[in-house]
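A.B. asks: Below is one structure. I have some questions about it.
The values are calculated or read from the model by the stated rules, or taken from the named source; none is laboratory data. Computed from a predicted structure; not experimentally measured. Cβ: placed from backbone, ideal geometry, glycine included. Neighbour counts: every protein chain shown. Heads up: the accessible areas ignore ligands, DNA and RNA and are worked out on the full protein's heavy atoms, side chains in. Shrake-Rupley method; radii C 1.70, N 1.55, O 1.52, S 1.80 Å.
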Amino acid sequence: MTAATNEISPEYHDLIIIGAGPAGLAAGIYAARDKQDVVLLEKLSPGGQVLSTDLVENYPGFPEGIGGFELMDGIRKQAERFGLTILGHEVESVDFTGDVKHLFLNSGSMSALSVIAATGAQPRKVGIQGEALLTGKGVSYCGTCDGPFYRDAVVAVIGGGDTAVQEAIFLTRFASRVYVIHRRDELRATKIIQERAFANEKIKFLWDTVPISIQGESSVEDLKVRNVKSGEETTLNIEGVFVLVGTSPVTEFLKGAIGLDDQGFIKVDRRQETNIPGVFAAGDVTSETPRQIATAVGEGVTAVLNAEEYLEEQRG
Ligand SMILES: Cc1cc2nc3c(=O)[nH]c(=O)nc-3n(C[C@H](O)[C@H](O)[C@H](O)COP(=O)(O)OP(=O)(O)OC[C@H]3O[C@@H](n4cnc5c(N)ncnc54)[C@H](O)[C@@H]3O)c2cc1C
């Protein structure tokens, strides 16, 4: 981290939002419409994780669903209509020690009185052959999002934690059979969730088993797995693979500057405020959030309204 300084850098704005996913863009719509001195910094193209999904069926207002790109393009345009400036920068480190917050970018620095971190999260990959190629074509990282596409299908869940087992149970509402592929001979999921899963006849556990490769041309056709004890390999004929081996928050650049939980997610209160006054966080990057587009949008709005209140107090 660069040495602490409380001077205002030439690039000063009252509010800086980091990340142009649903949370950051929703915050941006409100701030720009409220005529705040605000900019949004995004290291890639605006849109966030939603850009990697073809169809979103659970975001309110679209009875037939909406494409991921189309949804995010609309939200970005809505923000820009109110004059939101989106700059292509990556925030590499921060200094939140003074009243003025400093952001150090891939090129230059910026400062602000208030900051909203909306940098999202990344689902962890298993890194097997076919995973990248078939992502969005049968390989999914979100059962809640994509489960309804697998009516009467046979699917597999990779993972053994709470999320994996809960999502496996959820998937039985649609799929005819759900294999749970787990590398150990017992689950990490909490007891009550385990009991529910064991009682569900549609779920079949493959213990001591790891995935090796996913096959298919334009969609998933097979999943090859290996038993780590016997070495035996089996090919499962399935239509969907749900990789649920955890989520990593994008908070490396915030380490040491802000309160994080033991997995690195940002701890916030009900106002989306962090342990640093004036610094708010919203969306998938925060601790204990459902990690959905609608919740990210709601948290972004809560964060920005409270940031505006904070700015009002600071201005006296
Ligand atoms: C394949 C897939 C399908 C999904 N389908 C659905 C669905 O159907 N329905 C649903 O509700 N949810 C779905 N989700 C979940 C949903 O996408 C997320 O909950 C949502 O995108 C979270 O929004 P966010 O704004 O918090 O973060 P993100 O969408 O992750 O956006 C964060 C943004 O911050 C930027 N950023 C990160 N670090 C920096 C930095 N240091 N400097 C500048 N910019 C930075 C990133 O580039 C990114 O654009 C899906 C997720 C995936 C992966």
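A.B. asks: Which of the peptides 269-281, 203-215 is most tightly packed, and how do the rest follow, judged by the mean count of other Cβ atoms within 10 Å per residue?
C.D. replies: Per-residue mean Cβ counts within 10 Å order the peptides as 269-281, 203-215.
A.B. asks: Right, another one. Output the antiparallel fraction of DSSP beta bridges having both residues in the chain, as a percent to the nearest 5.
C.D. replies: Looking only at bridges with both residues in the chain, the antiparallel portion is about 45 percent.
A.B. asks: Given ALA20, ILE66, VAL50, which one lies farthest toward the positive end of the charge dipole of the range 14-88, if we put +1 on the Cβ of every Lys and Arg and -1 on the Cβ of every Asp and Glu?
C.D. replies: The residue sitting most towards the positive pole is ALA20.
A.B. asks: Related question: Express the Stokes-Einstein translational diffusion coefficient of the chain in µm² s⁻¹, to the nearest whole number, given a Kirkwood radius over alpha-carbon pairs, 20 °C and a viscosity of 1.002 mPa s.
C.D. replies: 103
A.B. asks: Still on this structure, I have one more. Would you mind checking the pairs LYS137/LYS204; LYS43/LYS77; LYS35/LYS77; LYS204/LYS224; LYS101/LYS267; LYS191/LYS224 and listing those with alpha carbons more than 21 angstrom apart?
C.D. replies: Table pairs above 21 Å Cα-Cα are LYS137/LYS204; LYS191/LYS224.
A.B. asks: What percentage of the solvent-accessible surface of the chain, computed with a 1.4 Å probe over protein heavy atoms, is contributed by carbon and sulfur atoms?
C.D. replies: 47
A.B. asks: Under unit Cβ charges (Lys, Arg +1; Asp, Glu -1), what dipole magnitude, rounded to 20 debye, does the chain have relative to its Cα centre?
C.D. replies: 720
A.B. asks: With just the Cα atoms defining each centre, how far is the range 118-157 from the range 234-308? Give it in Å.
C.D. replies: Rounded to whole Å, the Cα centres lie 19 Å apart.
A.B. asks: Which one, GLN166, ALA132, THR190, is farthest towards the positive end of the dipole of the range 102-238 when Lys and Arg carry +1 and Asp and Glu -1 on their Cβ?
C.D. replies: Toward the positive end, the furthest listed residue is THR190.
A.B. asks: Need one word for the range 1-146: rounded, prolate or oblate. Basis is the Cα gyration tensor (sqrt eigenvalues a ≥ b ≥ c); a/c below 1.5 gives rounded, then a/b vs b/c decides.
C.D. replies: Oblate is the answer for the range 1-146, as a/c is 1.5 or above yet b/c matches or exceeds a/b.
A.B. asks: Taking 1 over the mean of 1/r across every pair of different Cα atoms in the range 116-223, what Kirkwood radius in Å do you get?
C.D. replies: After inverting the mean inverse Cα-Cα distance, the result is 14.5 Å.
A.B. asks: Based on the alpha-carbon set only, what is the convex hull volume of the range 187-244 divided per residue, in Å³?
C.D. replies: Normalising the Cα hull of the range 187-244 by residue number yields 101 Å³.
A.B. asks: Using the Cα centre as the reference, give the magnitude of the dipole from point charges on the C-beta atoms of the range 134-237 (Lys, Arg: +1; Asp, Glu: -1; all else neutral), rounded to the nearest 20 debye.
C.D. replies: 200
A.B. asks: Rounded to two decimals, what is the ratio between the C-alpha radius of gyration of the range 94-137 and 2.2 N^0.38 Å?
C.D. replies: Cα Rg divided by the expected 2.2 N^0.38 Å: 1.93.
A.B. asks: For the range 196-316, what value does the Rg/Rh ratio take when both radii are computed over Cα atoms and Rh is the Kirkwood radius, given to two decimals?
C.D. replies: Expressed as Rg/Rh, it is 1.19.
A.B. asks: Just going by the charge dipole of the chain, with Lys and Arg at +1 and Asp and Glu at -1 on Cβ, which of GLN292, PRO249, TRP207 is farthest out on the positive end?
C.D. replies: TRP207
A.B. asks: Please report, in debye to the nearest 20, how large the charge dipole of the range 1-114 is about its Cα centre when each Lys and Arg carries +1 at its beta carbon and each Asp and Glu carries -1 there.
C.D. replies: Magnitude of the dipole: close to 180 debye.
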